[in-house]
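Okay, so here's the structure we're looking at.
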Amino acid sequence: MAKRNLYWRLFRGLLANPRYFYFVWRMDTHAKTAARLARDDLPKNGTFYPVKLDLRIVYACNLRCKMCAQWGDTGTYFAYGTTKLQQKLDLKVIESVIRELAPKGLRYVDMEGGETFLYPEIIELFRMLKSYGLFVKPVTNGTLLKKYAQDIIASGIDAINVSVDGDREMHNVVRQMDWAYDRTMEGLLALVEARARAGRYKPLIKISFTMTRHNKASALQKLCEELAGKGLIDVLVVKSNPIWVPEEKGQAYNALVEKHFGVHGISSWQGFLEDYRDFGAEAQDIAETLRAIKAKDYDFFVDTVPTVPAHDLPKLYTDYEWNLGRTHCPIAYVEPTIDSDGNVYDTPFLDIWFGERFQEFRRMLASQGGLLPICNRCCQLTEA
């Protein structure tokens, strides 16, 4: 019965927003571009445009999650000065970029932080993006959803990703705040209730659970039991692939950047500095847990990424050299990211996109056969 009601609920959501589901499920431009690159058919400059835009709209966050590459135990933001940390993407600047890209085929805008809902004009941003007919999905820790629930529904955004690391006990340990779990669940409840009051079937409400060394497979199982029957989410996405980079791969990347750009000591990857080569037994436990929860009759879908057989999960963690058969990254041709202090204020975005420095980055990528040393556990590669 739970599954039947779930399929009916999501079917109505699909009818309400078919273009979003089609885009997300197929990601045609990404796949076709990757295939072209694999054939050594490099798109000519000026012939390709972003179909998806990632916005890191604010540095600030109200949590200090252990695994976070920005504010976690090894986070890079701690090295930033106060002035930089107070910066945010200006709403007018974002719209100027959207105005350039929407006529060229932009379809999807994803946004992150820091914590997305600490952006002072977050609802205005949603409304502006939707006014251009774009698909919109923020990523959030969920602790501020209760405050914004009604406005989120009214804005018409397509989906929302809420990061949760396990049951109450484990989530609060990882997030390092004893109120984190309860506020997130209160936010989800407020969002579901606001959606029901409005008689709408979007946004699609997703929880993203990333399995790292900081939580356990048992925490995933407990989370499923805590969520069961409450109608708080539509999909639980289990990411059995933390983003991580071994030290030697990070240093190899720095050597490439120095060679191609003359820039020394890039630190952006250092927040992901980790080594999971000792994680085989835990990965096997994860595989068994995933089999168990996917067999259950929950009132939400359970999706898993990457899409690899369960028996390959230990290899996913322990063998960084394995690229999952994904040999060429299309992101530099289809999906740019603008950071919170992104230097797009005085230069048209497409001048940057087709500019010499971006072209040199693409040449650097091609010189390495399609992937850079730090690419093999990037979510944009493994979740493709």
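The values are calculated or read from the model by the stated rules, or taken from the named source; none is laboratory data. Just so we're clear, the structure is a prediction, and the values are computed from it rather than from any experiment. For neighbour counting, all protein chains shown are included, and Cβ atoms are generated from backbone atoms with ideal geometry for every residue, glycine included. For accessibility, only protein heavy atoms count, side chains too; no ligands or nucleic acids. Shrake-Rupley method; radii C 1.70, N 1.55, O 1.52, S 1.80 Å.
When we screen 19, 4, 9, 39 for residues that are basic (Lys, Arg) and under 23 Å from the mean Cα position of the chain (by Cα), the only hit is 19.
Hey, among the residues in the range 355-374 that are open to solvent by less than 40 Å² (accessible area, probe 1.4 Å) and of a type in the set (Gly, Ala, Ser), which one's nearest to residue 246 (Cα to Cα)? Among those residues, the one meeting the criterion is 370.
Of all residues in the range 305-328, none are crowded, with 18+ Cβ neighbours inside 10 Å, in contact with a His (Cβ under 6 Å, 6 or more places away or on another chain) and farther than 24 Å from residue 65 by Cβ. Screening residue 297 against (1) farther than 19 Å from residue 29 by Cα; (2) in contact (Cβ under 8 Å) with a residue 24 or more places away in the chain; (3) open to solvent by 40 Å² or more (accessible area, probe 1.4 Å); (4) not in a loop (DSSP other than H, G, I, E, B) leaves a single unmet condition, (4). Of the helices (runs of 4 or more DSSP H) entirely within the range 2-63, those holding at least 2 residues that are in contact (Cβ under 8 Å) with a residue 12 or more places away in the chain and out of contact with any strand residue (DSSP E or B) (no Cβ under 9 Å at 6 or more places or on another chain) occupy 2-16, 28-38.
Note on the range 292-311: residues that are over 30 Å from residue 362 (Cα atoms) and at pLDDT 90 or above total 10.
Checked against the criterion of being free of Cβ contacts under 8 Å to residues at least 40 places away in the same chain and part of a helix (DSSP H, G or I), the range 337-352 has at least one qualifying residue.
In contact (Cβ under 8 Å) with a residue 12 or more places away in the chain, open to solvent by 60 Å² or more (accessible area, probe 1.4 Å) and closer than 20 Å to residue 209 by Cβ - does that describe any residue in the range 72-80? Checking the range 72-80: not a single residue is in contact (Cβ under 8 Å) with a residue 12 or more places away in the chain, open to solvent by 60 Å² or more (accessible area, probe 1.4 Å) and closer than 20 Å to residue 209 by Cβ.
Conditions (1) among the aliphatic types (A, V, I, L, M); (2) out of contact with any Cys (no Cβ under 8 Å at 6 or more places or on another chain); (3) at pLDDT 90 or above; (4) more than 28 Å from residue 366 (Cα to Cα), marked per residue:
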{"residue": "45", "(1), (2), (3), (4)": "no, yes, yes, no"}
{"residue": "52", "(1), (2), (3), (4)": "no, yes, yes, no"}
{"residue": "56", "(1), (2), (3), (4)": "no, yes, yes, no"}
{"residue": "67", "(1), (2), (3), (4)": "yes, yes, no, yes"}
{"residue": "72", "(1), (2), (3), (4)": "no, no, no, yes"}
{"residue": "79", "(1), (2), (3), (4)": "yes, yes, no, yes"}
{"residue": "90", "(1), (2), (3), (4)": "no, yes, yes, yes"}
{"residue": "93", "(1), (2), (3), (4)": "yes, yes, yes, yes"}
{"residue": "114", "(1), (2), (3), (4)": "no, no, yes, yes"}
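The number of residues in the range 227-269 being part of a strand (DSSP E or B) and aliphatic (A, V, I, L, M) comes to 5.
Between residues in the range 228-242 that are under 29 Å from residue 319 (Cβ atoms) and residues that are among the hydroxyl-bearing types (Ser, Thr, Tyr) and part of a strand (DSSP E or B), which pairs lie under 7 Å by C-beta distance while being six or more apart or on different chains? Taking only residues 6 or more apart or on different chains, the pairs are 237/208; 238/304; 239/208; 239/210; 240/304; 242/210.
For residues in the range 112-166 being touching an Asp or Glu at 6+ places or on another chain (Cβ under 6 Å) and aliphatic (A, V, I, L, M), which is nearest to residue 200 (Cα to Cα)? Among them, the one singled out is 136.
Looking across 283, 332, 287, one residue alone is under 30 Å from residue 83 (Cα atoms), open to solvent by less than 60 Å² (accessible area, probe 1.4 Å) and in a helix (DSSP H, G or I). It is 332.
Taking the conditions exactly as written (over 18 Å from residue 160 (Cα atoms), part of a helix (DSSP H, G or I), touching a helix residue (DSSP H, G or I) at 6+ places or on another chain (Cβ under 9 Å) and acidic (Asp, Glu)), does residue 124 satisfy them or not? Considered against the rule, which asks whether it is over 18 Å from residue 160 (Cα atoms), part of a helix (DSSP H, G or I), touching a helix residue (DSSP H, G or I) at 6+ places or on another chain (Cβ under 9 Å) and acidic (Asp, Glu), residue 124 comes out as no. Looking at the range 29-37, can you tell me whether even one residue there is more than 29 Å from residue 235 (Cβ to Cβ) and either surrounded by fewer than 18 Cβ atoms within 10 Å (Cβ to Cβ) or basic (Lys, Arg) (or both)? Yes, the range 29-37 has at least one match.
Under the condition of being in contact with a strand residue (DSSP E or B) (Cβ under 8 Å, 6 or more places away or on another chain) and open to solvent by less than 40 Å² (accessible area, probe 1.4 Å), the residues counted in the range 118-128 number 4.
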